[in-house]
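Undergrad: Handing you a structure now.
The values are calculated or read from the model by the stated rules, or taken from the named source; none is laboratory data. Just so it is clear, the model here is predicted, and its values are computed rather than measured. Glycine also receives a Cβ, built like all others from the backbone with ideal geometry; neighbour counts cover every protein chain displayed. Just the protein is used for accessible areas: all its heavy atoms, side chains included, with ligands, DNA and RNA removed. Shrake-Rupley method; radii C 1.70, N 1.55, O 1.52, S 1.80 Å.
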Amino acid sequence: TCLPGVQVALTTSDDVEGELLQVRSAHLADDNWYTSADRASLDTDGRFSLCGRADRIAKVGGKRISLSAIERILEQQPGVEQVRVIMLPERGDRLGAVVVLDNDGNKRLVDQGKNGINQLFKNALENTVDRVAIPRYWRYLGELPRNRQGKTTQADLAQSLCTAELPRV
């Protein structure tokens with residue numbers, strides 16, 4: 001539900017499937033509509049529902065790649081709890097994936113090793129996305145890194161994919 005004095009609307013974009021949430025409020029810098037990166041739907045009673053973030057598009061190897069689509073495919077794999085895919089400019093604009101596994105996924109990681117799990121996920125992506133969209137760097141963490149506000153930032157994800165040796169369990 002909107003706070004008093006806040007208006008919401010929806011808009012479409014060629015780059016995003018679904019409708020994006022727009023907000024207008026006296027708390028913003030001007031009276032224009034602010035278009036967020038959140039997909040939303042409006043109910044008839046003035047309420048709205050957030051439907052997830054809009055697809056994040058990255059240009060990899062001269063091709064437009066939806067990072068959100070890669071995340072959705074990986075999150076549908078058995079043993080996967082959460083995934084974040086980012087582009088790594090310091091690594092030639094290649095993709096990296098930070099994956100949080102559930103108990104079954106962690107057992108599989110111990111049994112098959114990191115290379116085995118990597119190959120399993122690469123195979124899942126191979127039939128649905130372009131080859132340049134398959135992440136080259138993979139990290140398996142107990143949870144996604146979060147800042148003091150509880151948000152996962154691009155910088156924290158990139159740091160977890162750095163070349164420094166990570167602690168091992």
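Undergrad: Hey, residue 116 hits all of (1) within 19 Å of the chain's Cα centre (by Cα); (2) open to solvent by less than 80 Å² (accessible area, probe 1.4 Å) but one; which does it fall short on?
TA: All conditions pass for residue 116, except number (1).
Undergrad: Further, regarding this structure: Of the conditions (1) buried (at least 18 other Cβ atoms within 10 Å of the Cβ); (2) of a type outside the set (Phe, Trp, Tyr); (3) in a strand (DSSP E or B), residue 81 satisfies every one except a single condition; which number is it?
TA: (1)
Undergrad: If residue 31 satisfies all but one of (1) part of a loop (DSSP other than H, G, I, E, B); (2) within 23 Å of residue 156 (Cα to Cα), what's the number of the condition it fails?
TA: Only one criterion in (1) part of a loop (DSSP other than H, G, I, E, B); (2) within 23 Å of residue 156 (Cα to Cα) is unmet by residue 31, namely (2).
Undergrad: Show the residue pairs that are 6+ apart or on different chains and have beta-carbon atoms under 6 Å apart, the first residue being within region 35-57 and within 15 Å of residue 22 (Cβ to Cβ), the second being outside any strand (DSSP E or B) and among the small types (Gly, Ala, Ser).
TA: From region 35-57, the pairs are 37/54; 39/54.
Undergrad: Can you confirm whether residue 145 is over 15 Å from the mean Cα position of the chain (by Cα) and part of a loop (DSSP other than H, G, I, E, B)? Break it down stepwise before answering.
TA: Details: over 15 Å from the mean Cα position of the chain (by Cα): no; part of a loop (DSSP other than H, G, I, E, B): yes.
No, not satisfied.
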